[in-house]
Each structure stands twice: as C-alpha cells, then as structure tokens.
1. Can you tell me which of L14, L40 is open to solvent by 80 Å² or more (accessible area, probe 1.4 Å), closer than 25 Å to F195 by Cβ, of a type in the set (A, V, I, L, M, F, W, C) and modelled with pLDDT of 75 or more?
2. I'd like to know if the stretch 171-193 contains one or more residues that are assigned to a helix (DSSP H, G or I), under 18 Å from G34 (Cβ atoms), among the basic types (K, R) and open to solvent by less than 10 Å² (accessible area, probe 1.4 Å).
3. Looking at (1) at pLDDT below 75; (2) not hydrophobic (A, V, I, L, M, F, W, C); (3) not in a helix (DSSP H, G or I), which is the one condition that is false for S21?
4. Of all residues in the stretch 148-158 being at negative phi and surrounded by fewer than 19 Cβ atoms within 10 Å (Cβ to Cβ), which is modelled with the lowest pLDDT?
5. Go through (1) modelled with pLDDT of 85 or more; (2) assigned to a helix (DSSP H, G or I); (3) closer than 21 Å to L232 by Cβ; (4) over 14 Å from the mean Cα position of the chain (by Cα) one by one and return the number of the condition V164 breaks.
6. For the stretch 216-227, which residues satisfy the criterion of being of a type outside the set (V, I, T) and open to solvent by less than 10 Å² (accessible area, probe 1.4 Å)?
7. For I129, state whether it is open to solvent by 40 Å² or more (accessible area, probe 1.4 Å), modelled with pLDDT under 90, assigned to a helix (DSSP H, G or I) and of a type in the set (V, I, T).
8. For the stretch 72-83, how many residues meet the condition of being surrounded by fewer than 20 Cβ atoms within 10 Å (Cβ to Cβ) and under 17 Å from L39 (Cβ atoms)?
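The values are calculated or read from the model by the stated rules, or taken from the named source; none is laboratory data. Computed from a predicted model, the values in this text were never measured in an experiment. Here the Cβ is made from the backbone with ideal geometry for all residues, glycine too, and neighbour counts use every protein chain on show. Just the protein is used for accessible areas: all its heavy atoms, side chains included, with ligands, DNA and RNA removed. Shrake-Rupley method; radii C 1.70, N 1.55, O 1.52, S 1.80 Å.
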Amino acid sequence: MSEPESLKPKRGFLESVRDISRNPEPERVGQRWGFGAFLLVEAVFILSAVFITAVAKQFGVSLVDSVSFVLIGSIVPTILAAAVAIVITYVRGNGPKIDLRFTMTKEDLATGLKLGILGLVLTYSAATIWAKVVGEENATSAVGDLLSGSNLPLSAAITMFLYVSLIGPVCEEIIYRGLLWGAVERQGWSRWAAFGLTTVIFAIGHFEPLRTSLLLVIAIPIGIARLLTRRLGASIVAHMMNNFLPGLTLLLVSVGVM
C-alpha cells in the first residue's frame, strides 16, 4: 500500500504549518481499532506494574532496595504496553507503519531535532519554575525517586539511561502519539484535537499528579513534531532529545557522580 499524498514529506516549516488545516488526514482504511485499543494498552501498563509490585512484596523485597525490581518495575510495563499496541495494529489493522505512521524520514529527523532542542529549553525553564513552586524536595520524578536511593551498579545505571533516553521515548510515542492519536483520527476529529487530547493524556498517563503541569509543557513540542510531519518519527526524535539530559542526570546520580 503506497503512502497517501498528504503523508509525504512537505518542504519547509511554513508549508507544514499551513498543511495542518489545509489538508485533512486521509481516511484510515482498514483500521478496525480505536479508543478501546488504547484503554486495553493502558490496562496492560497498569496491571503489569501492579503485578510486579505485588510479586516484590510477596518476596518481601522493596523496589528501592532491589536492583532487579527497580529495572523490571520501571521498564517492563511500558515496553509490554507498547508491544501490545503494535500487536493490535497487526491483528486489527494494517500494521504500525500505516496505522501508527511509524516511519522516519530526513524531514522527521530534522524537525524532531529542532523541536527537541526547543523542548529542552522549555523543560529546563518550566522545571526551574516548577521546582520553586513545589519545593526542591518534591521536584523529582517517580523514576528519580526510585534511583536516588538505589546505588545502582554501572551496568544497571547504563540500562536505565538507555531506557529513559531511547527505549522509553519510542514506547511512549507508540502508545500516545501513535495508538491514541490514531484512535482520535479514526473518529474523524481534527489533527488539532488529536494533538490536544494526546498532550493532556500523556501528562496524566504518567500518574504523577504533582508533575502533571510540567509534563504538559514537556509534551507540547513533542506533539507539535507529530502534528507538523504527520509521522511518529519526528515525535520520537523530539522525545529522545527531551529525555537525554534527564536520563544522563539519572545515570550520574545513580553511580554517585552527582
């Protein structure tokens, strides 16, 4: 199946902006999944996290004290949820390349890098303001809280860095700006509606109420990358760029450098 004309790379930033409203998303032929698929994937994420926590408690292990459970509890639920999303597109649709717009072009790479840099600036500024509002002692993420007291060995710290900076962004983009975005478009809603809803759900879906406002700011440049290019590649690159410095910080904290 050839790529629809409106999904092919556009030339220039202004042309991409104009294209948002000028050329509506083509009909999603062959896609037989929608919001139910996203809810299933979210259920897999939550239930797998609960299961891992329950297993740890059954063995009398604290997530903070066990390197294995720190890694498993942080990484497995997101990867498992993304894998289920991919399977759904094969079983109920045309596969991830078509249904999730899971492709990468030179335009995607360039757009993702530019918006990723913008995201870093916005994230740093927003995080600084946010830390002053909530207090430095509360200005950490759930993963950061886990790692701060774990004293991870180097191999585990590198694994977590790779997850936060590379693997996690890919999986989260598959779930939110892939599966959820596709579910919104299948309803015939506008691309702006897809951008707005996925941005909000992305922030809420991290289940960190104190950080929701910060996550909203972080999500905007990532969503814009998906909005401009109509493909997942750009938002993945922007997400990776945005997570690199936080991931590096977690690595340095975990090994005791910071």
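1. Working: L14 fails: modelled with pLDDT of 75 or more.
None of the others qualify; the one that does is L40.
2. Yes, the stretch 171-193 has at least one match.
3. (3)
4. Filtering first and then ranking leaves G149.
5. Here V164 meets the rest and fails (4).
6. A219, P221, G223, A225, R226, L227
7. Working: open to solvent by 40 Å² or more (accessible area, probe 1.4 Å): yes; modelled with pLDDT under 90: yes; assigned to a helix (DSSP H, G or I): yes; of a type in the set (V, I, T): yes.
So I129 passes the test.
8. Result for the stretch 72-83: 2.
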